[in-house]
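This report refers to the structure that appears directly beneath it.
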Amino acid sequence: MTEPHPTPSTSAHAQRRRRVVAVTGASGGIGRASAIAFGRRGDAVALLARGEEGLEAAAEEVRAAGGETLVVPADMADADQVREAVTRIEDELGPIDVWVNVAFTSVFSRFDDITPEEFTRVTQVSYLGYVYATMAVLPRMKERGHGAIVHVGSALAYRGIPLQTAYCGSKHAIQGFHESLRCELLHDKSPVKVTMVQMPAVNTPQFSWVLSRLPHRPQPVPPIYQPEVAADAVVYAADHPGRREYWVGGTTAATLIANAVAPGLLDRYLARTGISSQQTDQPQPADAPKNLWQPSDRSRDFGTHGRFDEKSTYRSPQAWASQHHGVLGAAAAGVALLAGAVSAVRSRR
């Protein structure tokens, strides 16, 4: 069940300029929740994905939230389709202010059981889709002298786990691409910004429609966050794109820190726990959807959430902390000064 968000007033919409926002992977999960969140602010939102039924349902929710919509069916693995999508969006909605890269696919499987064609497909959608979209929209933003690109990443951009070799490889590639591009933009003193939001386990439909060769149904590793938590972080990053990246979820922070300090130990821990923790006790249905080659939501809407609502949370204090380093730093400095003053007073007694 979706936790309600406050509906912004008309006067609040009037106080800020309507932006044009494009979101890929917008038919479900983080992409859909992000599109709705931008719509709630009164933005014009272009929704890109392959599944037309899912896209239309998502667009209806964006309009209900207060946004203008444009549905753009596109396969992000096809560079020509992506370029055409960018042209259509700007022709019909206006210059793109914010581009959000979310679209991905994957295969839940041991590496031995993935075919070269499947691995290539995951890489094309989940990594090259980000590259193609950035290639298409960045020159336009540079020419206008403004714009923000938000890459939705994952803790798995830093830390690989078993059963997700293709997905982890793509997320690592996005991280390297993001860092390299950001350096170039900084060198050029470009007003166009690029940032990345590293996500935790999120309750999305991917665990119902991603191709799986596991004996049991796949699941996110708890703790699990609702897509709205991720969407709020995406919107914040779009508003504050000068930061290199944002972390969402305490597990993301813990994983990235542990991997930096003791990666070998984490390898052994995941070897023991990483396979069982990504599967439920329920057998994988033989007729489960498989969206690798064709969209599972072409004729059926899967919604924003996955099937783990009862296990998922709508809050991430760590996301707030990641967004407010300055406040926390000032508070820490204040505490340190106060402690020093107290210590000095006591030493004089």
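The values are calculated or read from the model by the stated rules, or taken from the named source; none is laboratory data. Fair warning: this is a prediction, and the values are worked out from it, not measured in the lab. So basically every Cβ, Gly included, is an ideal-geometry build from the backbone, and we count neighbours across all protein chains shown. SASA here: full protein model, heavy atoms, side chains in, ligands and nucleic acids out. Shrake-Rupley method; radii C 1.70, N 1.55, O 1.52, S 1.80 Å.
Please find, within the stretch 203-254, the residue that is nearest to S109 (Cα to Cα) out of those that are of a type in the set (S, T, Y) and open to solvent by less than 40 Å² (accessible area, probe 1.4 Å).
Pass one, the stretch 203-254, residues of a type in the set (S, T, Y): 204, 208, 212, 225, 236, 246, 251-252.
Pick out the ones that are also open to solvent by less than 40 Å² (accessible area, probe 1.4 Å) and you get 204, 208, 212, 225, 246, 252.
Numbers: T204: 18, S208: 14, S212: 6, Y225: 23, Y246: 29, T252: 23 Å.
My answer is S212.
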- Give the residues of the stretch 29-46 that are of a type outside the set (A, V, I, L, M, F, W, C) and open to solvent by less than 10 Å² (accessible area, probe 1.4 Å), sorted by residue number. G29, G31, R32, S34, G39, D43
- Task: Could you list all residues from the stretch 247-262 that are assigned to a helix (DSSP H, G or I) and either of a type in the set (A, V, I, L, M, F, W, C) or free of Cβ contacts under 8 Å to residues at least 24 places away in the same chain (or both)?
- Result: A253, A254, L256, I257, A258, A260, V261
- Query: Are any of the residues in the stretch 64-86 open to solvent by less than 20 Å² (accessible area, probe 1.4 Å), of a type in the set (D, E, K, R) and not in a helix (DSSP H, G or I)?
  - Reply: no
- Note on the structure: The one condition K171 fails out of (1) open to solvent by 10 Å² or more (accessible area, probe 1.4 Å); (2) without any contact (Cβ under 8 Å) to a residue 60 or more places away in the chain; (3) assigned to a helix (DSSP H, G or I) is (1)
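Table: residues versus (1) under 28 Å from Q279 (Cβ atoms); (2) more than 18 Å from the chain's Cα centre (by Cα); (3) among the aromatic types (F, W, Y).
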{"residue": "D80", "(1), (2), (3)": "no, yes, no"}
{"residue": "R83", "(1), (2), (3)": "no, yes, no"}
{"residue": "R88", "(1), (2), (3)": "no, yes, no"}
{"residue": "F104", "(1), (2), (3)": "yes, no, yes"}
{"residue": "R110", "(1), (2), (3)": "yes, yes, no"}
{"residue": "E117", "(1), (2), (3)": "yes, yes, no"}
{"residue": "V122", "(1), (2), (3)": "yes, no, no"}
{"residue": "G129", "(1), (2), (3)": "yes, no, no"}
{"residue": "A133", "(1), (2), (3)": "no, no, no"}
- Message: Quick check on the stretch 144-166. Is at least one of its residues part of a helix (DSSP H, G or I), at negative phi, modelled with pLDDT of 95 or more and open to solvent by 60 Å² or more (accessible area, probe 1.4 Å)?
- Response: yes
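Would you mind stating whether G274 is at positive phi and surrounded by 12 or more Cβ atoms within 10 Å (Cβ to Cβ)?
Details: at positive phi: no; surrounded by 12 or more Cβ atoms within 10 Å (Cβ to Cβ): yes.
No, not satisfied.
Take the stretch 87-104 and flag every residue that is buried (at least 18 other Cβ atoms within 10 Å of the Cβ) and either touching a Phe, Trp or Tyr at 6+ places or on another chain (Cβ under 9 Å) or not in a helix (DSSP H, G or I) (or both). First the steps, then the outcome.
Initially, the stretch 87-104 is screened for residues buried (at least 18 other Cβ atoms within 10 Å of the Cβ), giving 89, 93, 96-104.
L93, I96, D97, V98, W99, V100, N101, V102, A103, F104 - these are the residues of the stretch 87-104 that are buried (at least 18 other Cβ atoms within 10 Å of the Cβ) and either touching a Phe, Trp or Tyr at 6+ places or on another chain (Cβ under 9 Å) or not in a helix (DSSP H, G or I) (or both).
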- Task: Go through the stretch 181-205 residue by residue and tally those that are assigned to a helix (DSSP H, G or I) and within 18 Å of V100 (Cα to Cα).
- Result: 3
- Query: Quick one: is D113 within 25 Å of V235 (Cα to Cα) and in contact (Cβ under 8 Å) with a residue 60 or more places away in the chain?
  - Reply: no
